[in-house]
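The values are calculated or read from the model by the stated rules, or taken from the named source; none is laboratory data. What you are looking at is a predicted structure, and each value in this text was computed from that prediction instead of being measured. All Cβ positions, even for glycine, are placed from backbone atoms using ideal geometry, and neighbour counts span all protein chains on display.
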Amino acid sequence: MSAVEHRYEVTGRRERYAGPVFTVFSDQVTMPGGGTATRDHVRHVGAVAVVALDDAGQVVLLRQYRHAVGRHLWELPAGLMDVEGEQLPAAAARELAEEADLTAGRVDLLVDLHTSPGFSNELVRVFLARDLGEVPAERRHRRTDEEADLQVVRLDLDEAVGMVLAGEITNAPCVAGLLAAARARDAGWSVLRRADAPLPR
């Protein structure tokens, strides 16, 4: 029998910042035992990421500059849920095409993750893309800003997992996606979920 959980209620909210990707709020929240506490948090639009695995067992990785950490990171093709009405599998396909010039004949769901639940509701859904093909040259996305500096490489999945364990890959969706992909492969892909599975609640 599980213990009764406290119901945390918001009794007041102040918007501190509003932007196209996230909004920052300060909430007054009821606490167990009485009283309230202030909790600052970020409401995020959400994102998708893609572990693109080719027939040779190689995964597509990107090397991209991230200003918040001031350096280049190894990442998966990924992007924001910032297109009105777009479904998550379609967003994943769009990001795969835009950042890696690839299409996928098969897309499955690997893992969902709350990247920083201590202060943000950001949810990243990580997909597995297989049966890869090339986007025709004349239809490829023109990359600008940091994406103009993007490096696209393919590495053996086990080598990429080794980079995670060595601390060379630290981007959270990339870490989770690579480890989940390796586990799913070792399970004969039996643990994969449908790409349109409901989001966690």
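Might you check whether a residue that is surrounded by fewer than 10 Cβ atoms within 10 Å (Cβ to Cβ) and modelled with pLDDT of 95 or more occurs anywhere in the range 46-62? Looking through the range 46-62, at least one residue is surrounded by fewer than 10 Cβ atoms within 10 Å (Cβ to Cβ) and modelled with pLDDT of 95 or more.
Taking the conditions (1) under 15 Å from V126 (Cα atoms); (2) in contact with a His (Cβ under 6 Å, 6 or more places away or on another chain); (3) of a type outside the set (S, T, Y) in turn, E98 satisfies each one other than (1). For the range 103-146, filtered to residues that are touching a helix residue (DSSP H, G or I) at 6+ places or on another chain (Cβ under 7 Å) and of a type outside the set (A, V, I, L, M), the residue that is farthest from A197 (Cα to Cα) is H141.
What are the residue pairs meeting all of these: first residue in the range 25-40, first residue farther than 14 Å from G118 by Cα, second residue surrounded by fewer than 10 Cβ atoms within 10 Å (Cβ to Cβ) and of a type outside the set (A, V, I, L, M), Cβ atoms under 7 Å, and 6 or more apart or on different chains? Matching pairs, first to second residue: Q28/T11; T30/T11; T36/T11. Is it the case that L150 is of a type in the set (A, V, I, L, M) and modelled with pLDDT under 95? In short, yes. Taking the conditions (1) touching a residue at least 40 places away in the same chain (Cβ under 8 Å); (2) more than 18 Å from H44 (Cβ to Cβ) in turn, V135 satisfies each one other than (1).
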